[in-house]
1. In region 3-98, which helices (runs of 4 or more DSSP H) lie fully inside it and hold 1 or more residues that are at pLDDT below 95, more than 11 Å from the ligand (Cβ to nearest atom) and under 23 Å from the mean Cα position of the chain (by Cα)?
2. Could you list, in sequence order, the residues of region 361-375 that are more than 10 Å from the ligand (Cβ to nearest atom) and part of a strand (DSSP E or B)?
3. Of all residues in region 102-126, how many are open to solvent by 60 Å² or more (accessible area, probe 1.4 Å), assigned to a strand (DSSP E or B) and of a type outside the set (Lys, Arg)?
4. Could you pull out the residue among ALA382, ALA375 that is in contact with a Cys (Cβ under 9 Å, 6 or more places away or on another chain), farther than 27 Å from ALA130 by Cβ and at pLDDT 55 or above?
5. For residues in region 187-217 being assigned to a loop (DSSP other than H, G, I, E, B) and within 14 Å of the ligand (Cβ to nearest atom), which is most open to solvent (accessible area, probe 1.4 Å)?
6. Do the conditions hold for GLY174, that is, is it more than 16 Å from the ligand (Cβ to nearest atom), buried (at least 16 other Cβ atoms within 10 Å of the Cβ) and touching a residue at least 12 places away in the same chain (Cβ under 8 Å)?
7. Go through (1) surrounded by fewer than 21 Cβ atoms within 10 Å (Cβ to Cβ); (2) among the aliphatic types (A, V, I, L, M); (3) within 13 Å of the ligand (Cβ to nearest atom); (4) under 26 Å from LYS54 (Cα atoms) and name the single condition VAL304 misses.
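The values are calculated or read from the model by the stated rules, or taken from the named source; none is laboratory data. What you are looking at is a predicted structure, and each value in this text was computed from that prediction instead of being measured. Because the Cβ atoms are built from the backbone with ideal geometry, glycine has one as well, and the counts that use them run over all protein chains shown. Areas reflect the complete protein model, heavy atoms only, side chains present, ligands, DNA and RNA absent. Shrake-Rupley method; radii C 1.70, N 1.55, O 1.52, S 1.80 Å.
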Amino acid sequence: MAHTAYPQSYYAASANQAPERPALEGETQTDVCIIGAGYTGLSTALFLLEQGFKVTLLEAAKVGFGASGRNGGQIVNSYSRDIDVIERSVGPKQAQLLGQMAFEGARIIRERIATYGIQCDIKDGGVFAAINPKQMGHLESQKRLWERYGHTQLELLDATQIQRVVATDRYLGGMLDMSGGHIHPLNLALGEAAAVESLGGVIHEQSPAIRIERSANPVVHTPKGKVRAKFVVVAGNAYLSGLVPELEAKSMPCGTQVIATEPLPEALAHSLLPQDYCVEDCNYLLDYYRLSGDKRLIYGGGVVYGARDPADIETIIRPKMLQTFPQLKDVKIDFAWTGNFLLTLSRLPQVGRLGDNIYYSQGCSGHGVTYTHLAGKVLAEALRGQAERFDAFAGLPHYPFPGGRLFRIPFTALGAWYYSLRDRLGV
Ligand SMILES: Cc1cc2nc3c(=O)[nH]c(=O)nc-3n(C[C@H](O)[C@H](O)[C@H](O)COP(=O)(O)OP(=O)(O)OC[C@H]3O[C@@H](n4cnc5c(N)ncnc54)[C@H](O)[C@@H]3O)c2cc1C
């Protein structure tokens with residue numbers, strides 16, 4: 001079923017104005033046809049347009065309809081699995097390249113916001129919060145690891161210091177990353193879409209790609225039209241649903257849920273997060289939260305394997321919020337929504353080519369706001385013939401999900417149960 005509107009969320013309710021973008025009708029020709037107008041597609045489009053390519057973006061629903069318009073808004077550096085895991089699975093040169101890139105996505109976001117004047121409530125500063133000594137030890141080694149790759153805007157916080165940045169007694173320490181931060185995610189996507197159009201790029205909404213004719217000159221079909229291109233970039237991530245079966249076999253859509261409170265009185269908002277940093281804890285099934293521009297607490301957490309929409313999101317997330325901030329017990333929840341990210345077995349992104357002219361990037365496994373912006377740059381470099389950084393990503397191992405499409409959900413839920421038990425036991 002075609003989606004003509006955004007799902008209800010705080011972001012949809014506070015979105016900046018955007019034009020209607022008509023569906024593709026008839027035949028058109030371009031250099032690069034990009035499937036999906038989330039951050040991956042939009043970032044790729046912007047880098048390509050800046051380098052003089054002709055670009056057409058096909059979006060099944062609306063710009064930012066997927067995870068990019070629904071996420072926690074947290075600018076989190078590095079990847080869902082860290083560089084030490086990468087170091088163990090690939091050679092030193094590849095690890096060096098990927099390690100150097102681990103903080104680049106956040107810089108790209110800030111450059112985009114500055115260059116194109118995007119209004120998306122950006123704030124600097126993100127905190128990783130440790131619930132137990134093991135997590136604190138992990139943050140200490142993570143800081144050393146990141147510094148080894150030149151990422152130095154990091155500060156460890158002890159129990160007293162973390163209480164000065166977040167008003168809860170749940171944490172015994174943390175790490176502050178001043179190159180992290182937070183944004184209104186849908187407004188970032190809408191601003192990037194406007195930037196794409198300002199450079200001559202074409203975006204068709206309500207235009208799902210339903211078939212790709214793979215040949216020396218690929219053709220992407222939609223219900224009412226087709227795009228002939230030199231290259232295709234597949235950027236549908238967790239919402240791709242069946243277009244490219246070989247990508248689906250090695251990834252799994254998962255839902256995560258978010259609530260937004262009513263706007264908090266200024267003093268209460270300030271008391272919760274005095275510096276207005278965003279916070280995520282270090283659990284495997286993590287909680288993440290921040291203040292919006294109009295001082296709501298936006299609180300996310302939980303994972304639903306297989307991306308079914310849970311019946312009552314507030315019942316799942318509100319208790320998590322109250323565990324962190326019992327002082328919000330009388331506060332009303334104005335919005336609750338869910339969105340899908342794409343999990344891979346290694347929790348590292350999957351980047352590659354299908355044949356010579358179809359490129360893809362997917363599966364950042366929950367931490368994708370920065371990675372997707374970097375992916376756009378790396379894909380654009382590869383299309384221009386500079387594939388060194390693309391190859392560093394493409395060389396990461398891709399594993400099929402155990403159990404195949406039928407049993408991947410129970411297998412993964414079992415794994416998640418095991419990790420959440422470890423979170424609760426603090427081991
Ligand atoms: C609720 C939630 C909270 C999150 N919080 C954070 C966070 O705080 N920080 C963080 O770093 N990451 C977070 N993430 C992850 C992050 O949002 C994603 O990794 C990132 O937005 C993925 O961007 P994308 O462009 O690859 O995919 P998406 O944004 O999902 O975009 C894919 C687009 O492709 C379109 N599409 C799919 N198939 C087709 C087709 N056949 N034809 C045309 N169009 C198609 C879809 O409609 C969609 O618009 C969160 C994710 C969710 C769901």
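1. 83-89
2. None; the set is empty.
3. Total meeting the criteria: 1.
4. Step by step, each of ALA382, ALA375 is checked, and only ALA375 is in contact with a Cys (Cβ under 9 Å, 6 or more places away or on another chain), farther than 27 Å from ALA130 by Cβ and at pLDDT 55 or above.
5. Going through the qualifying residues, I end up with ILE210.
6. yes
7. Single failed check for VAL304: (4).
For (1) of a type in the set (Val, Ile, Thr); (2) surrounded by 15 or more Cβ atoms within 10 Å (Cβ to Cβ); (3) more than 16 Å from THR324 (Cβ to Cβ), each residue gets a yes or a no:
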{"residue": "ALA130", "(1), (2), (3)": "no, yes, no"}
{"residue": "HIS138", "(1), (2), (3)": "no, yes, yes"}
{"residue": "SER141", "(1), (2), (3)": "no, no, yes"}
{"residue": "TRP146", "(1), (2), (3)": "no, yes, yes"}
{"residue": "ASP158", "(1), (2), (3)": "no, no, yes"}
{"residue": "VAL165", "(1), (2), (3)": "yes, yes, no"}
{"residue": "ASP169", "(1), (2), (3)": "no, no, no"}
